[in-house]
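Peer 1: First the structure, then my questions, so here it is.
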Amino acid sequence: MGFACFFLKVVDSVRSSQRALVLGHAGADGDVAGGCLALKFLLESLGQEVVVYNQEPLEEKLRFLPGAEDWITTLPEGRFDTTIIIDAAHYERCGLDKLPRESLGTIIWIDHHKDTNPPVDVKCIDLNAPAAGEMVLHLADALGVSLPQPAAQCVMAALMTDTGGFRYRSASLRAFESAARLMGLGAQPHEIATGFYESRSTFKTALLAETLANVNYFRGGRLAVATLYAADFGFQSLTQKQTHGLVNELRGIEGVDLAMLLVENERSTHIILRDKYEGQSRRLANALGFGDMGRRFSAEWHDPRRADALFDLLEARIR
Ligand SMILES: [Mn+2]
């Protein structure tokens, strides 16, 4: 693919810009953060003033990224020549509608999600990009410059996020080829791995311990189910951020191909399903009488019943 051609309009806008605004959606993950901060270092290396803005502060576990200290949540005064939005998927999630359009300059959209018709001036959508942040490497090529080392580190963080540490289907040949180039530019993946995968809070560790200590097996060991009670931890409810990823630890058990986590909160129970093979979550949700609510590899919903009542329902219908 000819990236120079693909980025032609972006290159024109970027070359004529003095002051750029860079942003992604609220609730930034490693791709949004890595992509935004990589753009910051790239554009600064071209002599531009760059503002990295988001509606929300950067999550604690991403603050090890180079440039994270420049992540701001209050937009400074003045007009921008270009505004670059990266990995946003949906325009409304960036909060740009709250800013005066005339101060944003040329709005550039860089993404690897399908086109959602954002009201922007220039669109660069590459569905084959393993991470939106990875596109910054190719943008640097199109600009004819080399990525500075901190930018390479940020792009590597974006790649590792969206490929699950090079384990997901998105870990394509292109992902590895780009990773090799980033290594050549000084990226340090072990530092990112330490930041991402070896920084679990003590609270999350307690939730994980409770989850794994209370696994119940159904269907001859192919379905693993665990229950967490928010009250056990002194909360009215556990947030999705707090329980994020726990269900994957159940799915990771040998022989298990469908995992279910029941999180009992004060007013409802959050039911989280994840499968190894497409469609199982949807079928289980169906079998439990919840209708067709699953997506390809997962299903998630809130039920007004207590977790124990739902567990009894499982025993009655599934075991
Ligand atoms: Mn992404």
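Peer 1: Work the Kirkwood hydrodynamic radius out for the chain: mean of 1/r over every pair of different alpha-carbon atoms, inverted, in Å. Walk me through the numbers on the way to the answer.
Peer 2: On the way: mean 1/r = 0.0469 Å⁻¹.
It is 21.3 Å.
Peer 1: Using only alpha-carbon positions, what ratio does the radius of gyration of the stretch 203-317 give when scaled by 2.2 N^0.38 Å?
Peer 2: Working: Rg = 13.0 Å, N = 115, 2.2 N^0.38 = 13.4 Å.
That works out to 0.97 for the stretch 203-317.
Peer 1: Given the rule -39500 (n - 2.57) for each run of at least 4 DSSP H residues, summed and divided by the residues of the chain, what is its mean residue ellipticity at 222 nm, to the nearest 500 deg cm²/dmol? Walk me through the numbers on the way to the answer.
Peer 2: On the way: 12 runs with 113 residues, N = 319.
Only helices count here, giving -10000 deg cm²/dmol.
Peer 1: Return the distance in nm (one decimal) between the two label points of a simple spin-label model at E198 and R296, each offset 7 Å from Cα along Cα→Cβ.
Peer 2: 3.2
Peer 1: Okay, moving on. Within 10 Å, at most 10 other Cβ atoms, and a DSSP state outside H, G, I, E, B define an exposed site. Report the longest part of the chain free of exposed GluC sites (Glu not before Pro).
Peer 2: Details: sites that count: E77, E198, E254, E266.
Formally, the longest exposed-site-free interval is 78-197.
Peer 1: How much length is gained if the chain between Q149 and L46 is pulled fully straight, taking 0.36 nm per residue apart and subtracting their Cα-Cα distance, in nm to one decimal? List each step's numbers first, then the result.
Peer 2: Values: separation 103, 0.36 × 103 = 37.08 nm, distance 1.43 nm.
My answer for the length gained is 35.6 nm.
Peer 1: Run the numbers on the chain and let me know its relative contact order in percent, using alpha-carbon pairs under 8 Å that are six or more apart. Present the calculation step by step, with values, prior to reporting the outcome.
Peer 2: On the way: 595 pairs, mean separation 41.0, N = 319.
That works out to 13 percent.
Peer 1: Taking the beta-carbon count within 10 Å as an exposure proxy, list T163, T83 from fewest neighbours to most.
Peer 2: On the way: T163 21, T83 26.
Lowest count first: T163, T83.
Peer 1: A follow-up question, please. Find how much the distance from R181 to V215 grows on full extension, using 0.36 nm per residue of separation minus their present alpha carbon separation; answer in nm with one decimal. Provide the component values of the computation, followed by the final result.
Peer 2: Details: separation 34, 0.36 × 34 = 12.24 nm, distance 4.27 nm.
Here the answer is 8.0 nm.
Peer 1: Another question, if that's okay. Suppose a student asked you for the relative contact order of the stretch 19-78, using Cα pairs under 8 Å spaced at least 6 residues apart; what percent would you report?
Peer 2: On the way: 80 pairs, mean separation 22.0, N = 60.
Reported relative contact order: 37 percent.
Throughout, read-outs are computed from the coordinates displayed, never taken from laboratory work. Quick caveat, the model's predicted, so the values are computed rather than measured. Virtual Cβ from ideal backbone geometry, glycine too; neighbours counted across all protein chains shown.
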